[in-house]
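This report concerns only the one structure given below.
The values are calculated or read from the model by the stated rules, or taken from the named source; none is laboratory data. The model shown is predicted, which means the values in this text are computed figures rather than measured ones. Ideal geometry is used to build each Cβ from the backbone, glycine not excepted, and the neighbour counts take in all protein chains shown. When the accessible area is computed, the model is the full protein with side chains, heavy atoms only, and any ligands, DNA or RNA have been set aside. Shrake-Rupley method; radii C 1.70, N 1.55, O 1.52, S 1.80 Å.
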Amino acid sequence: MAPLPSSEGSIADNNAAFDIIQHGHKDLVQAIAFNAYGDRCATGSVDGKIRVFNRHQDGIWRLCDNWKSHAGEILELQWLPPTIYPNLLASLGIEGCFRLWGEDPSAAPGRRFSARDGNGKNVSQLRSGRYPYRSFSVKHDETTRYTYIALIAADGHLTVYEGEEPEALSNYPKLDDFQAFAKPNRGEETCFKVRFDPNPEPCYAAIRAGVPTDALSLVVSGLTSVKIYRTRDIVTSSFGAATRGKEFYLAIEIKEHNYLIRDVCWAPGNYRGYDMVATACQDGNLRVFRIDTPCDQDDSKAWSLADILGNTRPEGISTSRNNHPRRQSQVPSGIRAEIDKSGTHGERTSTDLPGQIQHAYKVLSKLTHRSPIWRVGFDDDGQILGSVGDEGKLMCYRQLPDGTWAKSSELGMMKTRMTAPPINLS
């Protein structure tokens, strides 16, 4: 049997496996984001600056650009997909301004995103008229080439935009906006997060239950509650003509938290036939939930592609919560569609309107941290779950064959004291 490695050898191996980079910010780093390829990293600090690093072919990370982006601390960062040219970076500041930064590939290094005065050249921006935005999420549909942006404000109001030109925010029409959570009381500690479903389309079980293949899905957390919204097909009247659109409805609400929820994420890889979301709570517990769409097993349908998808371009609005969730009906008039809407700007409730699919949730795991948790996230395959708390360590978890999650590794920074060589005084 091979001898066990010594502690010094293990430390050396770990140092070789990880790159320690001096970020160069003058204050605490609040946000970090990698692109889809993992070779570009953006960091956002409390000092309001963004720094972008590129990983070169020699494996060394080098600074690409840094610029002043917001007046205060940066809350969130997200790279848009690399299929969008040029590369776009989205950021949200404490002042509530959402901005897009576009790269100039022809510019010299150090001026790809910024101007000569050190300030950024934002492509476009969005600002709330009443309460500042506190969280955002961006999703790009590769099929339709549409980009969707979800923004939630400090009063719990959720707004979703859609557009064909990713960089032109001023041309983005509102897809939907409503009150996701009740307005918090003055002086109450709050935390709001919103995340799109990262999967290209709903899982096959949800599609079989009646969810459209092009439906949008959101998970939103506010205070001690988590809500999942999906879109249903509606018909609106514009100048006397009936046009099709989308409207979000409350699919399910999760009430398993007694303390403030700091972060929420949606797992990629819904090939399992169900969705998973994870929450980071101030009570030090990491919870993983399974989201199902129960359907009638006696509806005389098989698991063939034709039975699951049905007619992808129906002539009517599909119904749900009955024995035939994909049954087609006559297209309602524009006036009737406006009456059937589940609400305008108020809170959305779960009703039996056409197109609303019943959802159910189950607690898969409740994992305990040693301190309050601030961040949680899945990897790109949904196989590894990571969380970070006040202790400053990254906890990684993997899913077991029975569906539950268990701790697999723990990563932390360890300070080592350098010993000085002996001095010969002779």
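Miscellaneous remarks
- Any chance T293 is surrounded by 23 or more Cβ atoms within 10 Å (Cβ to Cβ), within 24 Å of E76 (Cβ to Cβ) and of a type in the set (V, I, T): no
- Residue list for the range 272-282, filter: surrounded by fewer than 17 Cβ atoms within 10 Å (Cβ to Cβ) and assigned to a loop (DSSP other than H, G, I, E, B): G273
- Listed by first and then second residue, the pairs linking a residue in the range 263-274 that is among the polar types (S, T, N, Q) to a residue that is surrounded by fewer than 23 Cβ atoms within 10 Å (Cβ to Cβ) and in a loop (DSSP other than H, G, I, E, B), with Cβ atoms under 9 Å apart and 6 or more places separating them unless they lie on different chains, are N270/N199; N270/E201; N270/C203; N270/G382.
- Residue match in the range 17-33 (condition: modelled with pLDDT of 85 or more, under 28 Å from K139 (Cα atoms), assigned to a strand (DSSP E or B) and open to solvent by less than 20 Å² (accessible area, probe 1.4 Å)): yes
- Of all residues in the range 272-280, one or more are in contact with a Phe, Trp or Tyr (Cβ under 8 Å, 6 or more places away or on another chain) and either at pLDDT below 65 or polar (S, T, N, Q) (or both).
- Put simply, of V211, V219 the only residue that is hydrophobic (A, V, I, L, M, F, W, C), without any contact (Cβ under 8 Å) to a residue 60 or more places away in the chain and closer than 27 Å to D379 by Cβ is V219.
- Residues of the range 53-83 classified as over 24 Å from Y148 (Cβ atoms) and of a type outside the set (G, A, S), total: 16
- Verdict on I228 being in a strand (DSSP E or B) and open to solvent by 10 Å² or more (accessible area, probe 1.4 Å): no
- Residue count for the range 163-211, restricted to those that are open to solvent by less than 70 Å² (accessible area, probe 1.4 Å) and part of a strand (DSSP E or B): 11.
- Residue list for the range 44-72, restricted to those being open to solvent by less than 10 Å² (accessible area, probe 1.4 Å), over 15 Å from L100 (Cβ atoms) and touching a Leu at 6+ places or on another chain (Cβ under 9 Å): S45
- Of the listed requirements (1) of a type in the set (G, A, S); (2) over 15 Å from I50 (Cβ atoms); (3) open to solvent by less than 50 Å² (accessible area, probe 1.4 Å); (4) modelled with pLDDT under 80, G110 misses just one: (2).
- Only listed residue being of a type in the set (G, A, S), within 18 Å of V29 (Cα to Cα) and not in a loop (DSSP other than H, G, I, E, B), chosen from A71, A90: A90
- Total residues in the range 35-52 satisfying the condition of being touching a Phe, Trp or Tyr at 6+ places or on another chain (Cβ under 8 Å) and either at pLDDT below 90 or farther than 20 Å from V123 by Cα (or both): the figure is 1.
- One residue from R130, R195, R145, R186 being in contact (Cβ under 8 Å) with a residue 40 or more places away in the chain and among the basic types (K, R): R195
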